[in-house]
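For reference, the structure is listed below as structure tokens.
Every read-out reported here was derived from the displayed coordinates using simple, explicitly stated rules and does not represent laboratory data. This is a predicted model, so every value here is computed, not measured. Here the Cβ positions follow ideal geometry from the backbone for every residue, glycine too, while neighbour counts run over all protein chains shown.
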Amino acid sequence: MVNAPTTATGTPNERALRDDLEALKTDIGTLKEDLRSFADNAGSAARHASRDAAERIRSGSRTAYDFGREKAKWAKEEVSGRIEEHPFAAVGIAFGVGILVGALVARR
């Protein structure tokens, strides 16, 4: 059996193994940095997506609030107009509702 010549740095197989291990260490370090970068980017994307969703919700809420406010304003003006057109009927209706509420409260 022929042995490979030995030098101060080992046999050619040992040197190749050491070179492969060094390359593997470098690759693992690169992979670790890539994973860290990926995690940072994923976190940043999630933050941006949640901010965008929150802004859409705020915008929708403002729109719904403005719509409800306009409807309430319209209803108030409509009722005020009806009361001005028919003041005696409005007083009679208010009186009747008061009697009805009083009767319901008294029953309890």
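Given R0 = 25 Å, the distance between the Cβ atoms of GLU78 and ARG58 translates into a calculated FRET efficiency of 0.25. Backbone phi angles across the range 45-61, fed through the Karplus curve with coefficients 6.51, -1.76 and 1.60 (θ = phi - 60°), yield HN-Hα couplings of 5, 5, 5, 5, 5, 5, 5, 4, 5, 5, 5, 5, 5, 4, 5, x, 5 Hz in residue order; Gly and Pro are listed as x.
Counting every pair of alpha carbons in the chain, the share spaced more than 24 Å apart comes to 72 percent. Helical content alone sets the calculated 222 nm signal of the chain at -33000 deg cm²/dmol, taking -39,500 (n - 2.57) per DSSP H segment of four or more residues and averaging over every residue.
Looking at ALA106, TYR65, ILE83, which one has the Cα that reaches farthest to the positive end of the dipole of the chain (charges on Cβ: Lys, Arg +1; Asp, Glu -1)? Checked the options; the winner is ALA106.
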